[in-house]
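Heads up: the structure comes next, in structure tokens.
The values are calculated or read from the model by the stated rules, or taken from the named source; none is laboratory data. Just so it is clear, the model here is predicted, and its values are computed rather than measured. Positions of Cβ are backbone-derived with ideal geometry, glycine not excepted, and every protein chain shown enters the neighbour counts.
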């Protein structure tokens, strides 16, 4: 950029922004009027406005009552003027001597006269019925400068400012691209908006109301509106202009941070910003600019104005935030009427393993992730159909992470007008399961619901409502279920990672962290399973280690039955590989064979490990089958419901004692527990002590992430707002993990944070 001249050790370029005041001016104020800063701070109707213009070498220190400038100290070329400056309208209230050398007592009189003069009410009005823009400007300005609190993550460091330009011609040229962009969008607005719009909508504007800086190094551009609904609705256009301006300035000015930092430090030194913020000043600018509008009382805005605002915002500046403030303190809170507030509700799963239901919603868009039934042994009552419908409400879609019942078990109760999504392979596995159950009852409703399900694909982003409100991107995870996924959800400018059930010690688990680093990155909120939080002593081994132990067992025993999940891809692949390496027959029944065919169809194309070639058992009593099995030996996966089949086979295949591999969670086999499974115990009793037992004998490992993996996932995605642990028992705590103490944990209750309402039930 072309240089202007050097003033105050600052080189003025084509554009400039440096609002740090002349130190001589501040020294003179402190010497002549040492009371002035404390006086202003002790009067709620007053606030400071400070500034500097490097082009003219002028600095000023002004006292405002609302939007009325009631006294200004100025310097020019490093010299303080003998006479303080004041707006013309106020000069008639006091003798000229007052403005040359004001005293505290005289200032009291001055304020009394201002407050009682009718024509000044428009600059600052504070009554039970009316609070105007000047009132809120002072209230907010004070709140986020010298009244800033320890809990605040931002301050206001400047107000009523403009970016300076060397000449008007340069300004017009520099702004041309911005103005053209604004003008084009205004034309687009008029074509697409169905309601009424003002005849004249400006593409460019004057002063910024407020500039803020948060502890992340983000610049906050804040425009204040009050008592003018039309201007509120158009505020995204005005704020967009400032946003584009400051964005361009930040790109071109590599010293911007240093000057902002110097301004803040100067104001802290003179008590214009609370000293507590000094340690919170970021080390650098993040490069992110956050545009905001502030309305003093958003409850006075009609639905039409709010709808118009949101429409214009989505066109001009979708990332724009809307706030209102508390009338006494001036604390900014999310505007409930203007903002598309995000709601994140954990309906179930925070204090139990299974039964997971998570809701994420914003204006006119709502999704649910998983709608699971309670696990056997759960003491909590199952949801009724009416309760399901109440939770669903006006949801756009339900997304299932995988097909385990504690995540998908209530799918048949979802109203038919709500889309349900699941992985394409997972859908076929569910159809296999319920088709096999036809002989045990009427499952037509479940099957019909599955057939209606939509399918998603890994890494394919879904615009749920087709309006850009919520986006869902699935990514593969390793779990004890085939075709399992985690979801990256993008909503209201926030990124949420819902892990579903996952692990890294499965065959495809090695892809977990590369996926997180490449495709997910850092997020705002992490919703993660925590199954193993209460099982930290449980041994977690890889599927490869299990395979070695199974091979050893098959070499030592001719007949082996494996009690396991019939849809655990990795475990079945382990059994199949062990059979191939030992020459044993991989023996399956009709249902298991159908499931394996699905695995081969979808996973087999990715790895030979998942290409299954099993011997399908139709009649275990036929001579040919008996001869083959007795000659070669076998491993046969069985289920909890396989007791009748198992008893028949044990009567025939007993020339050598059959063994059982118990490859399931140990809890099912414990007597007298809520989660005890009698079918499991009955099957185990058939084998006496001929059992290779779960994790103890290295023939089972969890389908869930161990504690170390949970920690590393958290540290990798670095959730800015916090972590919501689900799928964990009520006595386990996520914050028991070492190394994650810096992350906020949402365990229970309701909280409003960063424009999100989080409810953990």
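Scanning region 393-405 for residues that are free of Cβ contacts under 8 Å to residues at least 60 places away in the same chain and more than 21 Å from the chain's Cα centre (by Cα) returns 393, 394, 405. Of all residues in region 475-488, exactly one satisfies the criterion of being under 18 Å from residue 365 (Cβ atoms) and crowded, with 24+ Cβ neighbours inside 10 Å, namely 487. Selection of region 141-188 for residues being more than 33 Å from the chain's Cα centre (by Cα) and either part of a loop (DSSP other than H, G, I, E, B) or not assigned by TED's automatic domain parsing to the domain that holds residue 235 (or both) yields 162, 163, 166, 167. Right, residue 138: in contact with a strand residue (DSSP E or B) (Cβ under 8 Å, 6 or more places away or on another chain), part of a helix (DSSP H, G or I) and at pLDDT 95 or above or not? Yes. Per the conditions (1) surrounded by 14 or more Cβ atoms within 10 Å (Cβ to Cβ); (2) modelled with pLDDT of 95 or more, the sole criterion not satisfied by residue 461 is (1).
Only residues that are free of Cβ contacts under 8 Å to residues at least 40 places away in the same chain and exposed (fewer than 11 other Cβ atoms within 10 Å of the Cβ) were counted in region 188-223, giving 7.
If you check 150, 128, 105 for being surrounded by fewer than 21 Cβ atoms within 10 Å (Cβ to Cβ) and touching a helix residue (DSSP H, G or I) at 6+ places or on another chain (Cβ under 8 Å), only one passes: 150.
Selection of strands (runs of 3 or more DSSP E) fully inside region 330-432 by the criterion of at least 1 residues being outside the structural domain of residue 155 (by TED's automatic domain parsing), out of contact with any helix residue (DSSP H, G or I) (no Cβ under 8 Å at 6 or more places or on another chain) and closer than 27 Å to residue 479 by Cα returns 342-348, 357-362, 365-371, 397-399, 419-423. When restricted to residues that are assigned to a helix (DSSP H, G or I) and buried (at least 17 other Cβ atoms within 10 Å of the Cβ), region 24-38 contains 6.
Scanning region 514-543 for residues that are exposed (fewer than 15 other Cβ atoms within 10 Å of the Cβ), farther than 30 Å from residue 492 by Cα and touching a helix residue (DSSP H, G or I) at 6+ places or on another chain (Cβ under 8 Å) gives 536, 539.
Any residue at all in region 26-37 that is within 15 Å of residue 158 (Cα to Cα) and at pLDDT 95 or above? Checked against the condition, which is being within 15 Å of residue 158 (Cα to Cα) and at pLDDT 95 or above, region 26-37 yields no hits at all. So, residue 206, is that one assigned to a loop (DSSP other than H, G, I, E, B), more than 24 Å from residue 280 (Cβ to Cβ) and modelled with pLDDT under 90 or not? No, not satisfied. Can you tell me which residue is surrounded by the fewest Cβ atoms within 10 Å (Cβ to Cβ) among those in region 300-335 that are over 22 Å from the mean Cα position of the chain (by Cα) and modelled with pLDDT under 85? Looking at the filtered set, the residue picked out is 303. Checked against (1) without any contact (Cβ under 8 Å) to a residue 40 or more places away in the chain; (2) surrounded by 14 or more Cβ atoms within 10 Å (Cβ to Cβ), residue 274 meets all criteria but (1). Determine if region 366-387 includes at least one residue that is in contact (Cβ under 8 Å) with a residue 40 or more places away in the chain, surrounded by fewer than 19 Cβ atoms within 10 Å (Cβ to Cβ) and under 28 Å from residue 307 (Cβ atoms). No: region 366-387 contains no residue that is in contact (Cβ under 8 Å) with a residue 40 or more places away in the chain, surrounded by fewer than 19 Cβ atoms within 10 Å (Cβ to Cβ) and under 28 Å from residue 307 (Cβ atoms).
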